[in-house]
Amino acid sequence: MMRKSYKIAVYPGDGIGVEVTVEAVKVLKAAEKVFGFALEMTSFDWGVAHWRRTGEVVPGDFLKTLQSFDAILLGALGAPAELPDHVTLKPLIQMRQGFEQYVCLRPAKLLPGVKTPLAGKRPGDIDLMVVRENSEGEYVSAGGRFKAGTPDEVAAETAIHTRKGVERILRYAFALADSRRRGLVMATKSNALKHSMVMWDEVFEAVRGDYPAVKAERFHVDALSMMFVARPEKFDVVVGSNLFGDILSDLAGGIVGGLGLLPSANINPEKAFPSLFEPVHGSAPDIAGKGIANPIGAIRAAAMMLDFLGEKTAAAAVEHAALDSLAAGQALTPDLGGTARTQDTGSDVAGRVRRAG
Ligand code: NAD
Ligand code: IPM
Ligand code: MN
């Protein structure tokens with residue numbers, strides 16, 4: 001039988017994005033050998049390095065280049081000392097929006113071997129999935145600056161929420177909750193955002209009847225943030241707008257003991273375009289170049305990619321290898337209290353994948 005083969009675009013980006021992507025690729029290469037599929041990986045040196053050479057962070061036709069791939073594996077973007085974030089990060093938003101990756105999945109679990117800053121919580125107590133609307137809302141860039149630099153300056157940034165966009169992400173979240181522990185919480189703020197969030201509330205109430213088994217609630221995002229800290233075990237699936245989902249996912253990283261652990265899948269469920277897999281964290285300029293970034297989030301994002309591609313056994317093996325490595329505690333990076341280097345953690349996980357075969 002022909003080995004199944006997938007075309008993967010690897011876009012390491014900037015800062016620790018490059019460092020953690022090396023490790024994710026190392027683990028994928030181990031999985032490929034053990035589980036008998038082939039990954040045809042093409043690396044793109046885009047980001048601040050590309051900007052230094054060409055004056056742009058990505059080529060003008062980068063979306064066209066990426067379109068023929070089965071998936072994109074991204075590290076992280078951002079080099080704030082050299083370029084404004086809205087310049088370096090623009091390609092990420094363009095991929096999510098241009099490729100209709102309207103679902104962003106960000107699982108956050110408290111794992112054995114990892115300490116949470118929350119007192120009294122044990123592994124298994126926190127196991128939630130942030131489902132983030134990923135294609136519109138606060139991120140559409142509708143606005144402008146007027147009279148810039150003068151005392152009369154005005155900045156406008158209009159969020160655009162479509163009924164279609166809200167309904168599809170809510171239905172996705174309801175269906176996902178139905179397949180998990182049947183709890184769904186929606187982040188709202190309809191006490192102040194009386195147009196957009198009132199529509200979110202209305203669509204939520206309109207679709208919930210189609211998922212009678214799901215215990216569905218909505219909370220204002222301020223109170224919800226408090227509950228993430230005070231009662232995180234309460235949450236199963238948490239759905240929110242683009243910006244609310246962004247904020248809640250880093251908060252989720254905090255309560256489960258480290259942003260560096262969290263993966264993220266930006267999915268076009270219809271598979272009309274490639275989906276994008278990345279860690280939740282950014283390029284971490286404060287530790288970039290030191291070789292101490294935690295690669296677990298990037299490795300687990302690679303596992304989510306394998307799962308999405310249909311390589312379920314390999315995906316589960318990579319995820320388990322990452323979790324076993326954490327639980328064993330011999331290859332923890334400094335953010336988790338260890339002394340391992342990024343490459344030690346990557347090699348430890350890759351070794352575990354090899355032994356799983
Ligand atoms: P960040 O996620 O890069 O870092 C926040 C903090 O967490 C830092 O102290 C960092 O050292 C730590 N951290 C993050 N990932 C870690 C890891 N894997 N191992 C160990 N520690 C880790 O967020 P920030 O500082 O707000 O942003 C830095 C840059 O990254 C900015 O340019 C920002 O715009 C960009 N950013 C990019 C993405 C992305 O590409 N998806 C996501 C978030 C932020
Ligand atoms: C994320 C990041 C991005 C976002 C930024 C860097 C544009 O924070 O992926 O969570 O806000 O979506
Ligand atoms: Mn974020």
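Couple of notes before you dig in:
- Test: residue in the range 130-138 that is within 16 Å of ligand 1 (Cβ to nearest atom), open to solvent by 20 Å² or more (accessible area, probe 1.4 Å), in a strand (DSSP E or B) and within 26 Å of Gly260 (Cβ to Cβ): yes
- Tally, over the range 221-253, of residues that are farther than 20 Å from Asp178 by Cβ and either within 15 Å of ligand 3 (Cβ to nearest atom) or buried (at least 16 other Cβ atoms within 10 Å of the Cβ) (or both): 17
- Some residue of the range 145-157 being among the charged types (D, E, K, R), part of a helix (DSSP H, G or I) and at pLDDT 95 or above: no
- Of all residues in the range 259-290, those being of a type outside the set (A, V, I, L, M), outside any strand (DSSP E or B) and under 13 Å from Phe99 (Cβ atoms) number 6.
- Condition check for Asp210: within 16 Å of ligand 2 (Cβ to nearest atom), open to solvent by 10 Å² or more (accessible area, probe 1.4 Å) and of a type in the set (D, E, K, R): no
- Among the residues of the range 107-120, those identified as within 19 Å of Leu332 (Cβ to Cβ), assigned to a loop (DSSP other than H, G, I, E, B) and of a type outside the set (A, V, I, L, M, F, W, C) are Pro112, Gly113, Lys115, Thr116, Pro117.
- Breaking point among (1) touching a residue at least 40 places away in the same chain (Cβ under 8 Å); (2) within 13 Å of ligand 2 (Cβ to nearest atom); (3) surrounded by 15 or more Cβ atoms within 10 Å (Cβ to Cβ), for Val103: (2)
- Residue within the range 55-62 that is in contact with a Phe, Trp or Tyr (Cβ under 9 Å, 6 or more places away or on another chain) and within 30 Å of Pro232 (Cα to Cα) present: no
- Considering (1) hydrophobic (A, V, I, L, M, F, W, C); (2) surrounded by fewer than 13 Cβ atoms within 10 Å (Cβ to Cβ); (3) under 24 Å from Ile267 (Cβ atoms), the lone condition that Ala192 does not fulfil carries the number (3).
- Qualifying residue in the range 108-121 (condition: open to solvent by 20 Å² or more (accessible area, probe 1.4 Å), free of Cβ contacts under 8 Å to residues at least 60 places away in the same chain and away from ligand 1 (no atom under 15 Å from the Cβ)): yes
- Residue match in the range 227-246 (condition: part of a loop (DSSP other than H, G, I, E, B) and either in contact with a Lys or Arg (Cβ under 6 Å, 6 or more places away or on another chain) or among the hydrophobic types (A, V, I, L, M, F, W, C) (or both)): yes
- The set of residues from the range 36-62 being over 15 Å from Gly13 (Cβ atoms) and touching a residue at least 40 places away in the same chain (Cβ under 8 Å) comprises just one member, Phe37.
- Looking only at the range 69-91, and only at residues there that are open to solvent by 10 Å² or more (accessible area, probe 1.4 Å) and touching a strand residue (DSSP E or B) at 6+ places or on another chain (Cβ under 7 Å), the one that is nearest to ligand 2 (Cβ to nearest atom): Leu77
- Residue in the range 311-323 that is surrounded by fewer than 22 Cβ atoms within 10 Å (Cβ to Cβ), at pLDDT 95 or above, within 8 Å of ligand 1 (Cβ to nearest atom) and more than 15 Å from the chain's Cα centre (by Cα) present: no
- Phe273, sole failed condition from (1) more than 22 Å from Asp307 (Cα to Cα); (2) away from ligand 1 (no atom under 12 Å from the Cβ): (1)
- Some residue of the range 60-73 being under 20 Å from Asp246 (Cβ atoms), within 16 Å of ligand 3 (Cβ to nearest atom) and either assigned to a helix (DSSP H, G or I) or at pLDDT 95 or above (or both): no
- Residues of the range 260-287 satisfying the condition of being near ligand 2 (Cβ under 10 Å from one of its atoms) and open to solvent by 40 Å² or more (accessible area, probe 1.4 Å): none
The values are calculated or read from the model by the stated rules, or taken from the named source; none is laboratory data. This structure is a prediction, so every number in the text was calculated from the model and none was measured. Ideal geometry is used to build each Cβ from the backbone, glycine not excepted, and the neighbour counts take in all protein chains shown. The protein model used for the area step is the full one, side chains on, heavy atoms only, and it has no ligands, DNA or RNA in it. Shrake-Rupley method; radii C 1.70, N 1.55, O 1.52, S 1.80 Å.
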